[in-house]
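Working notes, structure below.
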Amino acid sequence: MSQLTPLIAGNWKMNGNKSLISEFTQVFNSQAIDGIDVLICPPSVYIESLSQQVINNNSVINVGAQNVSEQMSGAFTGEISVDMLNEVNATFVIVGHSERRAIFGETPELVAEKYKMALDNNITPILCSGETDQEREDDKTFDVIATDIDAVVNLTGIESFKNGVIAYEPVWAIGTGKSATPEQAQAVHHFIRSHLAKYDAEVAQGVRILYGGSVNEKNAAELFKQNDINGALVGGASLVSDKFMTICQNAQSSL
Ligand code: PEP
């Protein structure tokens, strides 16, 4: 892991409840962990509760959302705006998770709009990108990722990665128990940084690139030894406080 402050982000997806929020904010109190950024993205109905519990329990957890609308307001049933996220003190948002791309049909252009909307409203976007099994077999991994990054650059410029985060999330590794090897992940992270460097070398050096895909308390340490891995986006293991804590401690030890 390079010098950037590691970010360990939990994506709870459609899981969790208020008592889990209470448990996490107590376990991750201000004495529990330092030197890294810890983030939980619960289902949107629980964001306010998480923000409140963070204050009540003097917790180090940052509060995030799993999705945001590219629109400001209006007749968009079921959607959530940046103003709403700001009002409940969410400071990060995941955009373009592969489940949103595959199940809800989000395109690279739409995801770029969400990225811009978040950034323009002081919420840090975490841009997810990764290839399917088939795309990896067809040697398309780098093309898929370059397309997602270029959509953001085309819409809002390379500077927008100064205040954003990228998560490499191979679709074949998500929720499968089959993580990318540290070497596989590092190769893609290196590609991402080199691709950004074609636009701006300084921005490329400063952006945090997380790995996501079956990260757990056993494989995290090896992943964090890689030069271009600056943390993790964790699904399943982020629902169990002691597993998530071990992942965070591994990130801390890698500093
Ligand atoms: C994810 O959904 O972003 C993810 C990485 O899930 P898991 O850790 O369960 O593979």
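Sequence-distant contacts, meaning Cα pairs under 8 Å at least 6 residues apart, place the relative contact order of the chain at 22 percent. Spatially close Lys pairs in the chain, defined by Cα atoms under 24 Å apart and a spacing of eight or more places or different chains, total 19. Ligands, DNA and RNA left out, the 1.4 Å accessible surface of the chain is 48% carbon and sulfur atoms. Summing +1 for each Lys or Arg and -1 for each Asp or Glu among the other residues whose beta-carbon sits under 14 angstrom from that of ASN163 gives -2. Across the range 229-238, computed HN-Hα scalar couplings (Karplus, 6.51 cos²θ - 1.76 cosθ + 1.60, θ = phi - 60°) run 9, 10, x, 9, 10, 10, x, x, 6, 7 Hz from first to last residue, x flagging Gly and Pro.
A simple charge model with +1 on the Cβ of Lys and Arg, -1 on the Cβ of Asp and Glu and nothing else charged puts the dipole of the range 7-253 at about 540 debye relative to its Cα centre. Average accessible surface for the range 7-253: 43 Å² per residue, computed with a 1.4 Å probe over protein heavy atoms with every protein chain in place. Close amide-amide hydrogen proximity is noted between ILE94 and ALA65, GLN66, ASN67, ILE126, each under 5 Å apart and 5 or more residues distant or on a separate chain (H modeled in the peptide plane; Pro and chain starts excluded).
The values are calculated or read from the model by the stated rules, or taken from the named source; none is laboratory data. Note that the structure is predicted; figures quoted are calculated from it, not measured. For neighbour counting, all protein chains shown are included, and Cβ atoms are generated from backbone atoms with ideal geometry for every residue, glycine included. Side chains included, ligands, DNA and RNA excluded: accessible areas come from the protein's heavy atoms. Shrake-Rupley method; radii C 1.70, N 1.55, O 1.52, S 1.80 Å.
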